[in-house]
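What follows draws every value from the coordinates through simple rules; no lab data is involved. Remember, predicted model here, so these are calculated numbers, not experimental data. We place every Cβ from the backbone using ideal geometry, glycine too, and count neighbours over all the protein chains shown.
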Amino acid sequence: MQEISQALGVSCNYCHTAEPGSRQPEPKKEIARAMMAMMRDLNAQIEAAIGKTAAEAARVECVTCHRGVVIPRQLVDLVMQTVREKGAARAVEQYRDLRSRYYGRQAYDFGEDTLIDVARRIADARPDEAIALLELNLEFNPKSARSYMALAHAYTRKIDDASAMAALEKALEIEPDNGVARGQLEQLKSYHRKR
């Protein structure tokens, strides 16, 4: 049981909620039992598929999916849901909170790609929110040329070509040989729109 509580980042009373002997329902305990049965089935399927014994095969364990969190979801999905439901300001708070609690613990991917991915998904319809997420990304990844390029795209959605060009110039300071950034910058310069 200790292994399960560590894999989910919880204490025993997360699942064991009823008084001993009270026969009160414990829904999380039932979910845990079902998950353990699923894990046994997956391990048996892996062994059968690769033709190796349990000792030789890679094993699925609670931590394989949960990575120290109760509900195992990708960080990009969590942030995207928060942006959709509560806006970028709340997503920024959420990201900061999760990073302060889980950074370096393999629970979530705090690499530069996570926030770039969310920002790209929303930039056309919600450029201000994409910009907020990319600025947060640059706070933690100041040498991310890709973040500056995504920031430039978000600024073009606002018809703020001056800021987009400044972002592309920053990307080129980091990666002077980045042909994509250079091409986008030249294209923007050729038809710079005035607000």
- prompt: Can you pull out the chymotrypsin sites (Phe, Trp or Tyr not before Pro) in the range 90-195 that DSSP calls coil and that have at most 16 other Cβ atoms within 10 Å?
  reply: Tyr103, Tyr191
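What does the extension gain come out to for Thr53 and Phe140, with contour length at 0.36 nm per residue minus their alpha carbon separation?
Values: separation 87, 0.36 × 87 = 31.32 nm, distance 4.38 nm.
Roughly 26.9 nm would be gained on extension.
Are there trypsin sites (Lys or Arg not before Pro) in the range 141-172 that DSSP puts in a loop and that have at most 12 other Cβ atoms within 10 Å, and which ones?
Details: sites: Lys143, Arg146, Arg157, Lys158, Lys170; in loops: Lys143, Lys158.
Listed in order of number, the matching sites are Lys143.
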task: Enumerate the whole-percent occupancy of each 10 Å bin, from 0 to the last occupied one, for all C-alpha pair distances of the range 2-66.
output: 20, 40, 26, 12, 2
Overall Cα dimensions of the range 75-190, principal axis frame, Å, largest first: 44, 28, 16
query: What is the ratio of the Cα radius of gyration of the chain to 2.2 N^0.38 Å, where N is its residue count, to two decimals?
result: 1.40
Restraint check, Lys86/Lys158; Lys143/Lys189; Lys28/Lys52, Cα-Cα greater than 30 Å: Lys28/Lys52
- request: Highest first, please rank the peptides 15-26, 57-68 by the mean number of other Cβ atoms sitting within 10 Å of their residues.
  value: 57-68, 15-26
- prompt: Against the longest principal axis of the chain, how steep is helix 88-102, in degrees 0 to 90 to the nearest 10, with axes from Cα atoms?
  reply: 50
